[in-house]
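Asker: Supplied in structure tokens, the structure appears directly below.
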Amino acid sequence: MGKAVLTISSKNYGAWALRGWLMARLAGLDFTEEVISPDDPAMKAEMLLLSSSILVPSLHHNGITVWDTLAIAEYLHEIKPKAHLLPADAKARAHCRAICGEMHSGFASMRSSLPMNIKARFPNFKVWSRAQTDIDRIVAIWKECLATYGGPYLFGKQAGMADAMYAPVVTRFLTYDVKLDADCAAYCKHIMALPAMKEWVAAAKLEPDDIDELDAEF
């Protein structure tokens, strides 16, 4: 099985890039990174939330090219089934796909008003009502999963596809000082403690501030 290449964008601002990258890490895929320029239109489209389904991230592996984060997740699940990115139980697997799909297509208000910016911190950030509705729904998803599957991750003892899909939300909640109950706060700590997340955050902090539009408070 040949070494893969994962094309990603900014580690500080790139929520979709983080999802694809973290899934590949959790799957145990041997890959190299190809980081596109901040001036590339595809990167700017991702950074400025113009699309959730674009060509970043993109996985190239054994002559196959897969883009769109959900497609990457399903491909990784096929080639690395022992990584258990998706739950073994059919009912839990369907639940996992549903909440991942909801993240993929929804929460536009939260994503636009709380853009991912790992290096920034905005204490007592005022969240507007539509974004708060999205936050409340995400919290409800987390609490249901943690209660149903026992934690510490959304579908049990091992981080997987759903955790990768919601990992950028965890960084947003930290950046914008979103108040959480004890269970959800503990979940965020588990996500940020993942070795792969520590690696990503460390790299994000070394990036130059190239995208001025995303350094403004919304």
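Asker: Would you confirm whether any residue within the stretch 8-29 is touching a Lys or Arg at 6+ places or on another chain (Cβ under 8 Å), surrounded by fewer than 23 Cβ atoms within 10 Å (Cβ to Cβ) and at pLDDT 95 or above?
Answerer: Scanning the stretch 8-29 turns up at least one residue that is touching a Lys or Arg at 6+ places or on another chain (Cβ under 8 Å), surrounded by fewer than 23 Cβ atoms within 10 Å (Cβ to Cβ) and at pLDDT 95 or above.
Asker: Would you check if there is a residue in the stretch 43-58 being over 17 Å from Met161 (Cα atoms) and either at pLDDT 70 or above or assigned to a strand (DSSP E or B) (or both)?
Answerer: Checking the stretch 43-58: at least one residue is over 17 Å from Met161 (Cα atoms) and either at pLDDT 70 or above or assigned to a strand (DSSP E or B) (or both).
Asker: Exactly one of these conditions fails for Ala94: (1) among the hydrophobic types (A, V, I, L, M, F, W, C); (2) within 18 Å of the chain's Cα centre (by Cα); (3) surrounded by fewer than 19 Cβ atoms within 10 Å (Cβ to Cβ). Give me its number.
Answerer: (2)
Asker: Restricting the search to the stretch 106-116, which residues are in a helix (DSSP H, G or I) and either of a type in the set (S, T, N, Q) or surrounded by 15 or more Cβ atoms within 10 Å (Cβ to Cβ) (or both)?
Answerer: Ser109, Met110, Arg111, Ser112, Ser113
Asker: Only residues in the stretch 120-138 that are closer than 20 Å to Asp181 by Cβ count as the first member; pair them with residues that are charged (D, E, K, R), Cβ under 7 angstrom, at least 6 apart or cross-chain, and list the lot.
Answerer: Qualifying pairs under 7 Å: Pro123/Asp177; Asn124/Asp177; Phe125/Asp177.
Asker: Among the residues of the stretch 69-85, are any surrounded by 13 or more Cβ atoms within 10 Å (Cβ to Cβ), of a type in the set (D, E, K, R) and at pLDDT 90 or above?
Answerer: Checked against the condition, which is being surrounded by 13 or more Cβ atoms within 10 Å (Cβ to Cβ), of a type in the set (D, E, K, R) and at pLDDT 90 or above, the stretch 69-85 yields at least one hit.
The values are calculated or read from the model by the stated rules, or taken from the named source; none is laboratory data. Everything numeric in this text was worked out from a predicted model, so none of it was measured. Quick reminder, even Gly has a Cβ in these numbers, built from the backbone with ideal geometry, and neighbours come from all protein chains shown.
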